[in-house]
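Notes follow once the structure below has been shown.
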Amino acid sequence: MSSPSKRREMDLMKLMMSDYKVEMINDGMQEFYVDFHGPSESPYQGGVWRIRVELPDAYPYKSPSIGFMNKIYHPNVDEMSGSVCLDVINQTWSPMFDLVNVFEVFLPQLLLYPNPSDPLNGEAAALMMRDRAAYELRVKEYCEKYAKAEDIGAAAEDKSSDEEELSEDESDSGDDQVAGKADP
């Protein structure tokens, strides 16, 4: 059992050293959150989701459990629970994959290429097949409403609002000086 444990530690460290924000849920290394940004040039661009990852005892021989914590409009993600219907993760997982693959390949592919014929969200699947433009508009509305950086953690929201107030005070005095020099 030492090999899966070492592999879990290595994969988690590799993920933490990448560009993803990782937050441990408790003292163990089996449950954590990862902040995931929607792929560029997609209706999900600009969205940020907190993904809950649970590693089974048999990881990497058994796939991680992945779920969206904030709402996303997608045919293959259950809107209420955030559960992901992702064949690569759930059925064809291989120990050759690691956690970085989940966030750099599997989830972006899921968002870029939804499969409406195997839906967890029937409404999203039906809308996607009936009217692609309306589907993409709904995706963008969900991104605006539920997938902003401040939606995934109150601590991040408090910090950013403090920084905004500080920068506004500084910019006010700077604007007066610039405005004074620009007039003559």
With x for Gly and Pro, the residue-by-residue ³J(HN,Hα) of region 125-136, computed from phi through the Karplus equation 6.51 cos²θ - 1.76 cosθ + 1.60 at θ = phi - 60° and given in whole Hz, is 5, 5, 5, 4, 6, 7, 8, 4, 5, 5, 4, 5
Starting from the amide H of LYS148, placed 1.01 Å from N in the peptide plane, find each other amide H under 5 Å away whose residue is 5 or more places distant or on another chain.
VAL48
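For region 20-113, which GluC sites (Glu not before Pro) are in a loop by DSSP, counting at most 14 other Cβ atoms within 10 Å? Walk me through the intermediate numbers first.
Working: sites: GLU23, GLU31, GLU41, GLU54, GLU79, GLU104; in loops: GLU41, GLU79.
Those that pass, being in a loop and sparsely packed, are GLU41.
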Using the charge dipole of region 1-112 (Lys, Arg: +1 at Cβ; Asp, Glu: -1 at Cβ; taken about the Cα centre), state which of GLN109, PRO64, SER94 has its Cα farthest towards the positive end.
SER94
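Note down the magnitude of the dipole of region 1-113 about its Cα centre, charges +1 on Lys and Arg C-beta and -1 on Asp and Glu C-beta and zero elsewhere, to the nearest 20 debye.
120
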Relative contact order [Cα under 8 Å, 6+ residues apart], region 1-40, whole percent:
28
Whether region 1-134 is rounded, prolate or oblate, judged on the alpha carbon gyration tensor where a/c under 1.5 counts as rounded
prolate
Taking R0 as 41 Å, what FRET efficiency do you get between LYS6 and SER117 from their Cβ-Cβ distance, rounded to the nearest 0.05?
0.55
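Which shape class, rounded, prolate or oblate, goes with region 26-101 when its Cα gyration tensor gives a ≥ b ≥ c as root eigenvalues, a/c under 1.5 marks rounded, and past that a/b bigger than b/c marks prolate? Please list the in-between numbers first.
Working: a/c = 1.76, a/b = 1.51, b/c = 1.17.
Judged from the Cα gyration tensor, region 26-101 comes out prolate (a/c at least 1.5, a/b above b/c).
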Considering only protein heavy atoms and a probe of 1.4 Å, how much of the accessible area of region 40-111 is carbon and sulfur, as a whole percent?
50
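Kindly provide the chymotrypsin sites (Phe, Trp or Tyr not before Pro) of region 47-126 that DSSP labels as loop, not H, G, I, E or B, and whose Cβ sees at most 13 other Cβ atoms within 10 Å.
Working: sites: TRP49, TYR61, PHE68, TYR73, TRP93, PHE97, PHE103, PHE106; in loops: TYR61, TYR73, TRP93, PHE97.
Qualifying residues, ordered by number: TYR61.
The values are calculated or read from the model by the stated rules, or taken from the named source; none is laboratory data. Keep in mind the model is a prediction, meaning the values are calculated, not measured. For neighbour counting, all protein chains shown are included, and Cβ atoms are generated from backbone atoms with ideal geometry for every residue, glycine included. Keep in mind that these areas ignore ligands, DNA and RNA; they rest on the heavy atoms of the full protein, side chains included. Shrake-Rupley method; radii C 1.70, N 1.55, O 1.52, S 1.80 Å.
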